[in-house]
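**Q** The structure under discussion is supplied below as structure tokens; questions concerning it will follow.
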Amino acid sequence: MSQDIHLAFAHPSERAAATDGGAPRDRISLRDHIVEVEIGAFQSERGQTQRVCFNVVVEVARAGDRIDDDVDRILSYDRVTEAIAHELGEERLNLLETLAERVAERILLAPQAMRVFVRIEKLDRGPGALGVEIVRSRDDLDPAQAAPRAEDRPHPRVVYLSNAAIAAPHLSDWLDWLTGQAAPVVLCVGLPDGPRPQADHPLAQRRIDLLAIEQNGWVLAARDPRCVVVGTRTELDWGMKHDQVSLWAPSKIVLDAVEGPKSQPRDSVALAAWLAQDLAARDLLVIGEELPDAPGLAARAVPVTQGTLASDE
């Protein structure tokens, strides 16, 4: 029993040694790697960073009889720290469990990695360290979960519809044309017309405005059943791969973004441009509003009175 308790709190390297189950493997380790990051499911954890400590052990396949002092024949320590930095930079996360899973999966994409132990602890949430530890092997890795290469990612057409465009008689015709094109379609809308609640705190007002945009999205979805409201990056990715017309509900993606939009939700065309750049969209089509200031993004504006979206491109 005492040995079990010791191993429960031991460093992952000791856990790895105690559970090798056969011929021991070579191991590389990262100890006490501390990063300041915004993470957590509680409201008190939003808008501020906290210290998070990583301890990682990777069991690796042997490089053969001779390494020849060649760095290309081994799993670099940088691969571990880069996996952590990549997942922290991908989006804001609520759970350490999610972060640990993603870090483990990314490390296991390296051909030398066979099994990985990941321990992550929050250092500032109480008098002690609060954390999670997981172990994953190459057999646990689903090839479908591997991050797609940049050239394999879909490049959607992001389309912003003003309130006048949502109510326009041409809406169905526009959607007919958009769904007939080769690119996936992601629709964006802005704030609804009329008054909405006002808050004294800018962060509270930001949430109110984002939720108001989502309500306006449901108004559009009610006009045409092809418009499917989605609020996560996973849903967006799925929709782009399966010819779905995705209607973006922005709250979760905006609030969870590591590098979020600089504009406020009331500047909803700029918000759509931010999404287009984040998705590496082929272009941004704005119906019923002026074009945003978005350097490097291909964009064109169409008046609400125009019955067709076809251009001379």
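**Q** Being β-branched (V, I, T) and either more than 19 Å from L175 (Cβ to Cβ) or at pLDDT below 95 (or both) is the filter here; which residues of region 235-255 pass it?
**A** Matches in region 235-255: I253, V254.
**Q** Condition (residue is surrounded by 15 or more Cβ atoms within 10 Å (Cβ to Cβ), in contact (Cβ under 8 Å) with a residue 60 or more places away in the chain and small (G, A, S)) applied to region 277-288: is it met by at least one residue?
**A** The answer is yes, given that some residue of region 277-288 is surrounded by 15 or more Cβ atoms within 10 Å (Cβ to Cβ), in contact (Cβ under 8 Å) with a residue 60 or more places away in the chain and small (G, A, S).
**Q** Moving to a separate point now. Given A165, A221, A182, which one is within 26 Å of A280 (Cα to Cα), among the aliphatic types (A, V, I, L, M) and exposed (fewer than 13 other Cβ atoms within 10 Å of the Cβ)?
**A** On inspection, the qualifying residue turns out to be A182.
**Q** Still on this structure, I have one more. What single numbered condition from (1) within 20 Å of the chain's Cα centre (by Cα); (2) modelled with pLDDT under 90 fails to hold for D140?
**A** So D140 meets the others, but not (1).
**Q** On to the next question. Which of (1) touching a Lys or Arg at 6+ places or on another chain (Cβ under 6 Å); (2) part of a helix (DSSP H, G or I) does V116 not meet, given it meets every other one?
**A** Exception for V116: condition (2).
**Q** Does R119 meet the test of being touching a Ser or Thr at 6+ places or on another chain (Cβ under 8 Å), over 29 Å from G231 (Cβ atoms) and touching a residue at least 40 places away in the same chain (Cβ under 8 Å)?
**A** no
**Q** I've got another one for you. Is there a residue being within 18 Å of the chain's Cα centre (by Cα) and under 11 Å from V186 (Cβ atoms) anywhere in region 258-267?
**A** Looking through region 258-267, none of the residues is within 18 Å of the chain's Cα centre (by Cα) and under 11 Å from V186 (Cβ atoms).
**Q** Here's a follow-up. Among the residues of region 175-189, are any in contact with a Lys or Arg (Cβ under 6 Å, 6 or more places away or on another chain) and at pLDDT below 95?
**A** Looking for residues that are in contact with a Lys or Arg (Cβ under 6 Å, 6 or more places away or on another chain) and at pLDDT below 95, one finds at least one in region 175-189, hence yes.
**Q** Another question about this same structure. Looking only at region 85-100, count every residue that is in a helix (DSSP H, G or I) and within 14 Å of the chain's Cα centre (by Cα) and tell me the total.
**A** Selection size over region 85-100: 8.
**Q** While we're looking at this one, here's another question. Could you please find all residues in region 91-105 being among the basic types (K, R) and closer than 12 Å to K252 by Cβ?
**A** R92
**Q** Something else about it: Which pairs turn up if I take residues in region 17-32 that are exposed (fewer than 12 other Cβ atoms within 10 Å of the Cβ) and look for partners that are at pLDDT 65 or above and assigned to a loop (DSSP other than H, G, I, E, B) with beta carbon separation below 9 Å, at least 6 apart in sequence or on another chain?
**A** none
The values are calculated or read from the model by the stated rules, or taken from the named source; none is laboratory data. Note that the structure is predicted; figures quoted are calculated from it, not measured. Quick reminder, even Gly has a Cβ in these numbers, built from the backbone with ideal geometry, and neighbours come from all protein chains shown.
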